[in-house]
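None of the figures in this text is laboratory data; all of them are computed from the coordinates on show. None of these values were measured; they are calculated from a predicted model. Note: ideal-geometry Cβ built from the backbone for every residue, glycine included; neighbour counts use all protein chains shown.
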Amino acid sequence: MVFLVFSQANKELAQEALLVQKARMFFRVELEFFRCHLGEEGRGAFGVRLALPGRPAVELSLARRPASEDDWRAAEEAERAGQAAGMASLARRCPVVWELRDDPVHPGEVLTLCGILAAVDLGPVMPPDRSTLYGVRGARLRAEGFAQGNP
């Protein structure tokens with residue numbers, strides 16, 4: 001299962017320093033990016049070490065690829081399903097998507113990384129079940145819910 005984070009930023013990790021800065025400033029999280037490998041069709045895959053306050057660091061993987069018409073249609077359906085007015089049109093302005101694997105062992109960390117990416121790349125997050133679209137605040141609230149034992 002994959003989270004999609006729509007991105008208005010066109011350059012692969014061009015804003016790495018900004019992502020690290022936003023993670024510290026708004027989420028109190030330490031991030032470190034490292035290149036994993038090139039996947040299918042030259043897609044870049046990256047590893048991310050993410051450390052939430054008071055918790056050990058975890059490694060997550062993410063990849064960037066061009067957004068497709070299927071992604072934008074899925075965003076429209078998710079907007080309707082979750083009554084997330086205006087989020088699909090925001091997704092349409094995003095030429096790129098981040099793919100972030102859902103990790104049942106570290107759901108709070110995954111949602112936190114989604115929020116950080118959304119904060120910097122100015123695009124909505126679509127969860128694996130495609131039930132809605134949300135932004136930084138929605139990702140943050142969901143991550144906090146897991147931290148408090150309320151998924």
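Given R₀ = 25 Å, FRET efficiency for GLU30-GLU144 by Cβ-Cβ distance, to 0.05?
After rounding to 0.05, the efficiency reads 0.90.
On full extension of the chain, what length is gained from ARG80 through ARG137, given 0.36 nm per residue of separation minus the C-alpha to C-alpha distance?
Taking 0.36 nm per residue and subtracting the Cα distance, the gain is 18.6 nm.
By count of other Cβ within 10 Å, fewest leading, how are CYS114, CYS94 ordered?
Listing CYS114, CYS94 from fewest to most nearby Cβ atoms yields CYS94, CYS114.
What ³J(HN,Hα) values, in whole Hz, does the Karplus curve 6.51 cos²θ - 1.76 cosθ + 1.60 give for the stretch 87-101 when θ = phi - 60°, with x put for Gly and Pro?
Values per residue, Gly and Pro as x: 6, 5, 5, 5, 4, 4, 7, 9, x, 9, 10, 8, 10, 10, 5 Hz.
What is the extension gain from LEU122 to ALA17, computed as 0.36 nm multiplied by their sequence separation minus the C-alpha to C-alpha distance, in nm to one decimal?
The LEU122-ALA17 span can extend by a further 36.2 nm.
From zero outward in steps of 10 Å, how is the percent of C-alpha pairs of the stretch 90-151 spread across the bins?
Each 10 Å bin holds this share of Cα pairs: 23, 58, 17, 2.
Mind pulling the per residue volume of the convex hull built on the Cα atoms of the chain? Å³ is fine.
For the chain, the hull spanned by Cα atoms encloses 102 Å³ per residue.
Ranking PHE34, PHE27, PHE6, PHE46 by Cβ neighbours within 10 Å, fewest first, what do you get?
PHE34, PHE46, PHE27, PHE6
Return the long-range amide H neighbours of VAL29 (sequence gap of 5 or more, or a different chain), with a cut-off of under 5 Å between placed amide H atoms.
Excluding prolines and chain starts, which carry no amide H, the hits are ARG24.
If we count other beta carbons within 10 Å of each Cβ, what is the order of SER7, SER61, fewest first?
The most exposed by this proxy come first: SER61, SER7.
As I understand it, the dipole of the chain uses +1 on the Cβ of Lys and Arg and -1 on the Cβ of Asp and Glu, about the Cα centre. Which of ALA74, GLN21, MET126 lies farthest toward its positive end?
Checked the options; the winner is GLN21.
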